[in-house]
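Down below is the structure, laid out as structure tokens.
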Amino acid sequence: MGKKRKANDSDEDDKKKKNKKKDKKKKKDKKKKDKKKKKDKKKSSSSSSSDSDSSGDLEKKEEKKDAEVEVPFEAPPIQLGEIPPAEDGIQRFRFSVEEQGPLGLRFSGGSPPMILSVNADSWASKKKIPANFEVHAINGLALVPGNQSQVMQYLKNRPLVLDVRPLGWKPAEKVKEMKKKAEKEEVERQARMKVEATRREQVAKEAAEEAERLAAEEAARKEKERIEREEMMQRAREAHREQREKEEEFKKALGQEPPELRKAAEDIMEAAYGTDIKVEGRRGLPLRLLTRRKEVAWIWAGEVQELIGGGAPDDTFTQ
């Protein structure tokens, strides 16, 4: 173990020395460029205005080129033992120093990037990295919009630890929080359902009571109508019976008159106007015999009859 640590320390010292040499070389190149720019500015000041414009454009282009020069990204050395274990649902893949070269992965844009495809016979294919998974972390550094472009460059370095996750993956704490929230919402939903069920039961109970009340009222109304109808029919039957008895008594009273007088009265009422009818042994007939027919009587069997010409008699008298 001690020998390995010494070897790692020596490697780190060599890398630091190389970085220092590169920094010195960059500084020298920058000083040379600055001197060259100063000389070009002096020459341009002595030339005409048109030449100064063109030289200014050239200087701008050179400045843009200098600005576009990217400093190669060198990832600092990492201690693989310090990377925390992968979370549930995260797949971790390790690439050693010997596994140099492209991984063979094609990523999408956006954050986090998704693995669109895995090249055949590549390091990623040998490690069986799945496609359509998102990059979760590189060397223990989680990808966020602020550091994604820098962290993605770690893919060029070895050793490498690549963590990927399926689409829709959530951290355990987030899942726990979502589960807790879902349980709370379910409890609230059950409580609302219980309240609603109680309300519906109450409504159904009230509706049943109302229907029962209306049915009882309807039954009472029908029974009352039946009783009233029966009473009315009973009164009508009694009235009819009484009237029939009166008519029979009235007819008996009419039958007590002598037959010859009744026949003479019938002949007079049936005869045409101006006919001369004689009654043997009498000069005339009692008026009552001429009013004992229902169609000409104003009272028949105790019942007031309609007058000839319409209307019923009243108690008023006019002169």
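When Asp88 is tested against the conditions (1) in contact with a Lys or Arg (Cβ under 8 Å, 6 or more places away or on another chain); (2) at pLDDT 85 or above, the lone failure is (1).
Of all residues in segment 243-261, those satisfying the criterion of being at pLDDT 75 or above and either in contact with a Phe, Trp or Tyr (Cβ under 6 Å, 6 or more places away or on another chain) or open to solvent by 90 Å² or more (accessible area, probe 1.4 Å) (or both) are Arg244, Lys246, Glu248, Glu249, Lys251, Lys252, Glu260.
Checked against the criterion of being touching a strand residue (DSSP E or B) at 6+ places or on another chain (Cβ under 9 Å) and closer than 25 Å to Glu303 by Cα, segment 270-278 has no qualifying residue. Could you tell me which of the residues Asp276, Asp314, Asp267 is open to solvent by 70 Å² or more (accessible area, probe 1.4 Å), among the acidic types (Asp, Glu) and either in a helix (DSSP H, G or I) or modelled with pLDDT of 75 or more (or both)? The conditions single out Asp276.
Name the strands (runs of 3 or more DSSP E) wholly inside segment 78-139 in which the number of residues that are farther than 16 Å from Val151 by Cβ is 2 or more.
On the way: elements: 91-95, 105-107, 115-118, 134-138.
Per the criteria, 91-95, 115-118.
Whenever a residue of segment 249-277 is over 12 Å from Leu289 (Cβ atoms), its partners that are open to solvent by 40 Å² or more (accessible area, probe 1.4 Å) and among the aliphatic types (A, V, I, L, M), lying with C-beta atoms within less than 9 angstrom and at least six residues away or across chains, give the pairs Ala271/Ile277; Thr275/Ile268; Ile277/Ile268.
Per-residue answers, yes or no, for (1) open to solvent by 80 Å² or more (accessible area, probe 1.4 Å); (2) of a type in the set (Phe, Trp, Tyr); (3) more than 26 Å from the chain's Cα centre (by Cα):
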| site | (1), (2), (3) |
| --- | --- |
| Glu134 | no, no, yes |
| Ile138 | no, no, yes |
| Ala172 | no, no, yes |
| Glu183 | yes, no, no |
| Arg213 | yes, no, yes |
| Arg226 | yes, no, yes |
| Ala236 | no, no, yes |
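Based on this model, can you work out whether Gln243 counts as in contact (Cβ under 8 Å) with a residue 40 or more places away in the chain and within 30 Å of Pro286 (Cα to Cα)? For Gln243, the condition - in contact (Cβ under 8 Å) with a residue 40 or more places away in the chain and within 30 Å of Pro286 (Cα to Cα) - is met.
The values are calculated or read from the model by the stated rules, or taken from the named source; none is laboratory data. Just so it is clear, the model here is predicted, and its values are computed rather than measured. All Cβ positions, glycine included, derive from the backbone under ideal geometry; neighbour counts span all protein chains shown. The area values use the complete protein model at the heavy-atom level, side chains included, leaving out ligands, DNA and RNA. Shrake-Rupley method; radii C 1.70, N 1.55, O 1.52, S 1.80 Å.
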